[in-house]
1. Sort out which residues of the range 139-180 are assigned to a loop (DSSP other than H, G, I, E, B), over 26 Å from residue 89 (Cβ atoms) and not acidic (Asp, Glu), and write them in order of number.
2. For the list (1) in a helix (DSSP H, G or I); (2) in contact (Cβ under 8 Å) with a residue 60 or more places away in the chain; (3) crowded, with 20+ Cβ neighbours inside 10 Å, I need the number of the one condition that residue 261 fails.
3. Scanning the range 427-462 for residues that are touching a helix residue (DSSP H, G or I) at 6+ places or on another chain (Cβ under 6 Å) and among the charged types (D, E, K, R), which turns out farthest from residue 356 (Cα to Cα)?
4. Looking for whichever is over 21 Å from residue 98 (Cα atoms), small (Gly, Ala, Ser) and within 18 Å of the chain's Cα centre (by Cα) here; the options are 232, 241, 276, 224. Which one fits?
5. Considering only the range 85-118, how many residues are more than 25 Å from residue 237 (Cβ to Cβ) and not in a helix (DSSP H, G or I)?
6. Please enumerate the residues belonging to the range 181-215 that are among the hydroxyl-bearing types (Ser, Thr, Tyr), crowded, with 21+ Cβ neighbours inside 10 Å and not in a strand (DSSP E or B).
7. Looking only at residues that are buried (at least 17 other Cβ atoms within 10 Å of the Cβ) and among the aliphatic types (A, V, I, L, M) in the range 231-257, which one is farthest from residue 312 (Cα to Cα)?
8. Assess whether residue 395 counts as being more than 21 Å from the chain's Cα centre (by Cα), under 30 Å from residue 347 (Cα atoms) and not charged (D, E, K, R).
Amino acid sequence: MNGERLTANGRSVRRTATAEDDDGLITSVWVTTMSFLFLLGSLLPGQCIAAPELIVDIDFNDEVYIRPEPMTEAEVEKLVRDLHAHGCQTLLVRMGYLGYLPYHTDLSYPIGFDVEHARAHGANSSAIGDLDKYIESHIAWNEKYARVLAAFNPPEVFIRIGHELGMKVVMWLDIFDDGFPGYRSKFIDEHPQCQWTAKDGQTRFEGLISYAWPEARSFRVAQATELLDLGADGIHCSTSAHCRHLPNPGGVDFYGYEDPIVAEYRQRYGVDIRTAEDFDKEAWHTIKGEAQNSLYRELAAVCHERGKELWVGLQLGDYTQMCAPLYFGDNGVARYRNLWRELVDEGIADALILGDYELCTQPGTPYWKAKGDEIGAAADLFSWAAEHYQSHCRGRTKLYTFGEWLSGNRQQVDAKLKLLADKTVGNGFDGIDVHEAMNFEGSGMDLLRRMAERLAGRDPGELE
């Protein structure tokens, strides 16, 4: 047991806020005497408390976008080495691109841009703006992207360099992000029925794959298998969905009537939810949640048989809600129940990223209130998450926070990172997924180092 580390999730810590955190105000974090004594008593000789893990996610699409010339293998290596040198322990590398898969695979079309598709799906969209300018810029971007993929296979390079440095490299799958104007998913073109579907059985949420269909699960498992075979240390399933930014005809619970969901509900309850005026919505949400867990169960099988990990992005609360067209609005056009305890109890999820692609630093908004009275009224969503998930997950499934979006000047980014570090450490989470590497390139790597210092319990001093 010498040298064994006790994870942050193994700690029993509590915090209380003395001020609202929206503007990065300092909150008071305290550890109860009994919890502290319990912690000391539980340590064996040679054990120590591990600082929360610093994970940095790399949106490879953005890495390609921000460079005037195609990103090179040497630039990937420099990025990984810089992140490692400034405290990053684990890489989370995005391997989805609005329906394309940005690596060498036959599961996806080669990266390109379909102008006719863009005109058919991008008109009158505030997310697109000037359609002609959108088309012009995206043609150029994707031509550049194609040159990158012709030169090297991105995941192979991230994995090779990361492993040389002793880093864990997990591949990030966009399981709900398979369509946008001008971008075509080969899988959806071949299986259009495998998208969230409205009550009429015809209207589909374009780009939002439904894993109630076994062929949809098989597709995602095939992608995961390819990336694991390249040497990835695990697979992460993200709930990011750019298609939520597009115009949408529906209201709350407009989608979720795919054939397998309808058939399962009819078998259990003898009701056709497509024709019934009223039915048990909670039972319906549970069936959709079970379908989602079927995906995770199948992905876990291919990960665990190789000794690799499965991470799951988990929205907070009882439901995952896909709000559209306002991403953080209250119009949850597609929802399913979060059956997260199954993921823990069955050993499916090795880690959960809590508040995945949500704004936990902004409680009390209509988005949160749409999830229910309790979470809608929570003044601190980080402490709410600690209370609701840690006791069940401790010692079985790691809990990471999601680092949200970083914007503003250096002082503003540093203040946001301090807030996120305080929330992660103060609530005893196992680590944080900082979003994203692009924010630190150039002159910003010192901000990542300051984040690492804070997670380790050290004061980085004043920002220069």
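1. Of everything in the range 139-180, those that are assigned to a loop (DSSP other than H, G, I, E, B), over 26 Å from residue 89 (Cβ atoms) and not acidic (Asp, Glu) turn out to be 176, 179.
2. (2)
3. 454
4. One residue alone meets the criteria, 232.
5. Final tally of qualifying residues: 5.
6. 185, 210, 211
7. By that ranking, first place goes to 246.
8. yes
The values are calculated or read from the model by the stated rules, or taken from the named source; none is laboratory data. From a predicted model like this one, the values you see are computed outputs, not experimental measurements. All Cβ positions, glycine included, derive from the backbone under ideal geometry; neighbour counts span all protein chains shown.
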